[in-house]
1. Considering the chain as a Gaussian network with a 10 Å cut-off on Cα pairs, which listed residue, Trp278, Trp99, Trp169, attains the greatest mean-square fluctuation?
2. Going 7 Å from the Cα of Ala119 along its beta-carbon direction, which residues of region 42-85 have the amide nitrogen within less than 17 Å of the resulting point?
3. Go through Thr50, Thr66 and list them by solvent-accessible area, largest first, probe radius 1.4 Å.
4. Mind checking which of His151, His164, His172 has the largest fluctuation in a GNM of the chain, springs on alpha carbons under 10 Å?
5. Enter the Cα centre distance for the pair region 49-93 and region 95-149, rounded to the nearest angstrom.
6. For the chain, what relative contact order do you get, as a whole percent, if you take Cα pairs closer than 8 Å and at least 6 residues apart?
7. Students often get this wrong, so try it: which of (i) 129; (ii) 166; (iii) 138 is volume of the Cα convex hull per residue in Å³ as calculated from the structure shown?
8. Counting Lys and Arg as +1 and Asp and Glu as -1, what is the net charge of the other residues whose Cβ lies under 11 Å from the Cβ of Pro6?
Amino acid sequence: MRIVVPAGGIGGARFLRGLKAALGIGAPATDEQTTVNTITVIGNTGDDITLFGLRICPDLDTVMYTLGGGIDEEQGWGRADETFTVKEELAAYGMKPTWFGLGDRDTATHIVRAQMIAAGYPLSAITEALCDRWRPGVRLIPMTDDQVETHVVVDDGGGRRAIHFQEWWIRHRAALPAEQIISVGADAAEPAPGVLAAVAEADAVIIPPSNPVVSVGSILNVPGIREAMVGKTVVGVSPIIGGAPVRGMADACLTAIGVATGAGAVAEHLGPDLLDGWLVDDADAGTVVEGVEVRSRPLYMSDPAATEAIARAAVDLAVELAGRGAADGGTGG
């Protein structure tokens, strides 16, 4: 199968690891294998930020490190065995912001990226070059080569102002009520080379349990990407279990755009024009979304085996729905 996954954040990266296992990507080949499964990841770049002269791409790097074996498993982001000498030295010089800490190993990645940007390379080519080291087993493409940043409109008592999503998320822990979440630059952005072709050639699109607003949502905000997915077989995995996010603060993001924190509400937000199938946790069994096939099963990615099983269920549902659509003479979506 050829699978496309729009992904960002820890949940997306961990789901991708399970999806690789479910599809046998990276496993030793056997005589029975007659096909090669592939995954193309469209990575969220709305979280990207420039600090200390470096362009930082948190979601691209989290996917790359997680699938390449370099992630800090406990926290789910940053490099394993990290040290923070550079961060301490920057603080000694009084450099700000102090709320965003770069690890020494992670800084090396950002330096390479900054040098390639200065040399004129687009982000898609830079990401491909970085992946040459990590060998993630998937094709990782940024959603766009254009600069798109997620900003949050807040009112902290001193009046309404827009701050970068990273400041709202890390510095304020999403505690400042968000009045609006904006993908700055998205309207004028174009999908990165290879994105639309990958979607066109895909057998299915699987939406992982990533933040539906600032991870998956940022990707779908790039003109042409959502439109390309409509008409494909699209199966999503709910990031909400029992009315609460599996991890992180997705509920604050949903509240900001006026969407309830519920498995059904997120599916309705994504839309039946996009979704064909939706996996919810057993805690949300009975969820009904008009026009979408909803199935329930355990969705906690508690260990590699559980994560692989969730990914396999998503693939199986996609195969079932694609077959049903073919029998009906349709194409999904």
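1. Answer for the Gaussian network model of the chain: Trp99.
2. 55
3. Numbers: Thr50 75, Thr66 10 Å².
Result, largest first: Thr50, Thr66.
4. Checking each option, the largest mean-square fluctuation is seen for His172.
5. 11 Å
6. Numbers: 665 pairs, mean separation 64.9, N = 333.
Worked out over the chain, it gives 20 percent.
7. Only one listed value fits the structure, namely (iii).
8. Working: positive: Arg226; negative: Asp59.
Overall, the nearby charge balance is 0.
The values are calculated or read from the model by the stated rules, or taken from the named source; none is laboratory data. Quick caveat: nothing in here was measured; it's all calculated off a predicted structure. All Cβ positions, even for glycine, are placed from backbone atoms using ideal geometry, and neighbour counts span all protein chains on display. Quick note on the areas: whole protein, heavy atoms, side chains included, nothing else; ligands and nucleic acids left out. Shrake-Rupley method; radii C 1.70, N 1.55, O 1.52, S 1.80 Å.
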